[in-house]
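Scroll down for the structure; my scribbles are underneath it.
Bear in mind these aren't lab numbers, they're just calculated from the coordinates by the rules spelled out. Computed from a predicted structure; not experimentally measured. So basically every Cβ, Gly included, is an ideal-geometry build from the backbone, and we count neighbours across all protein chains shown.
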């Protein structure tokens, strides 16, 4: 009888030891949400918990052990240890909350192919990278124009796009949207190179040659910014004279030295304008 | 006379090399890392960037391992920035308060670049890593495990190196 009782007690002790060895975790839990560990047995023990953004040690009662959401904000792998038994679980990113948006460049020529680039990095409220594949929309547009939209799928929390700049100069809205989160940047679209510079020449009151351009525009019709250098050249029997003038209120003008016969040229950067044959027999 | 002098110089050079070797290996990264940038898009990773990434990422793991073992947040400053640095510093501070630490034995990484931005300002990669982690309270070993882990990493360039901005472990598929 005593032997049976001893065997029974041993079995109970063995089972309880086995039960104590059991520690269960939540498997996966979204960031910022509390979780519960199940530690078999009763009485108090020390819980150690290690995670990617913290570590803690505290006395707990075995049974259901609550882990508050504040302890589980950083996504990644956690390990809980009680009495030499351990369990691992993962904190996964919470819902998409923030977008970090890198838009380049801040100034771009109008109507330029693939000139505007944007990279969007998706995060939850705790700055964990939001990894599920999701639709991300980009939009680049100036006021009064249709603009350009593009929707792409994120890959591991990143989405990117490369767009043509708009035809109109001025500040353009470059925005990114996904699941209720949005961010907006401004890209300044400026006139591209001048297109078809045209000048006229008149005799100045002091005998020199007065040259003046028509309004200088890029190929999309945007005014080339004031201050852009325009070069006027006169080639005559005595040689070559060059005058650099800045565009002012959309025009550029200069006085070239008088000559009975001369060839007059105009250019801005690499863009050549019209040529005038001044004086002589036409 | 000259041969003796030459031998002496050679001996000194040899001794110099022998003594210099440990100092060199202390500085150079010990982390084993295989690197694959063939899947990088939208921009190709240049050869010099590949070398810099491998050097700096390996160094970052060394720094993190030391920081978590010695509870020294300052060791993170050179290789981590932004969210990753803040989270790791928090972990180090919390360990210090609880008298805890963790020892990471790094058995190697397979780093695969998935994204390199057109302007070169960000690079994302997958890292499959074989780690052995020992969890300690004081000198007492609480638990130890060897696990294959999978991380997603976001790196950004700083003045003269790449820094880890996000280091996020993913659940096993």
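Placing dummy labels 7 Å off each Cα toward the beta-carbon, the span from residue B:110 to residue B:146 is 1.7 nm.
Cβ crowding within 10 Å ranks B:103, A:249, A:77 as A:249, B:103, A:77, fewest other Cβ atoms first.
Mean per-residue shielding of peptide B:161-172 is 5, counting Cβ atoms of other chains within 10 Å of each Cβ. Ordering B:127, A:83 from the fewest to the most neighbouring beta carbons within 10 Å gives A:83, B:127. Axis angle, to the nearest 10 degrees, between helix A:2-20 and the longest C-alpha principal axis of chain A: 10 degrees. Note that segment A:96-190 carries a Kirkwood radius of 13.3 Å, evaluated over its alpha carbons pair by pair.
Label-to-label distance, residue A:85 versus residue A:45, with points set 7 angstrom from Cα along the beta-carbon direction: 0.5 nm.
Once both labels are positioned 7 Å from their Cα atoms along Cα-to-Cβ, the gap between residue B:93 and residue A:249 label points is 6.1 nm. With the convex hull constructed from alpha-carbon coordinates only, segment A:199-278 shows a mean projected area of 5.1 nm² over all directions. When only alpha carbons are used to place a centre, segment A:247-272 and segment B:138-173 end up 64 Å from one another. Taking 35 Å as R0, compute the FRET efficiency from the Cβ-Cβ separation of residue B:78 and residue A:135 and round it to 0.05. So the FRET efficiency works out to roughly 0.40. Rounded to the nearest 0.05, the FRET efficiency derived from the C-beta distance between residue A:151 and residue A:263 at R0 = 56 Å is 0.55.
Once the Cβ-Cβ distance between residue A:38 and residue A:219 is put in as r, and R0 is 56 Å, what FRET efficiency do you end up with, to the nearest 0.05?
Efficiency for this residue pair is about 0.20.
The distance from the alpha carbon centre of segment A:117-188 to that of segment A:45-98 is 35 Å, rounded to a whole number. The value of relative contact order for segment A:199-278, using C-alpha pairs under 8 Å at least six residues apart, is 30 percent.
Report, to two decimal places, the Cα Rg of segment B:86-173 normalised by 2.2 N^0.38 Å (N = number of residues).
Compactness ratio reported: 1.29.
Over the protein assembly as shown, the Kirkwood radius and the radius of gyration, each from Cα atoms, give a ratio Rg/Rh of 1.24. Estimated at 0.36 nm per residue, the fully extended path between residue A:229 and residue A:58 surpasses their Cα-Cα distance by 54.3 nm. Fewest neighbouring Cβ atoms within 10 Å first, the residues B:80, A:126 line up as A:126, B:80.
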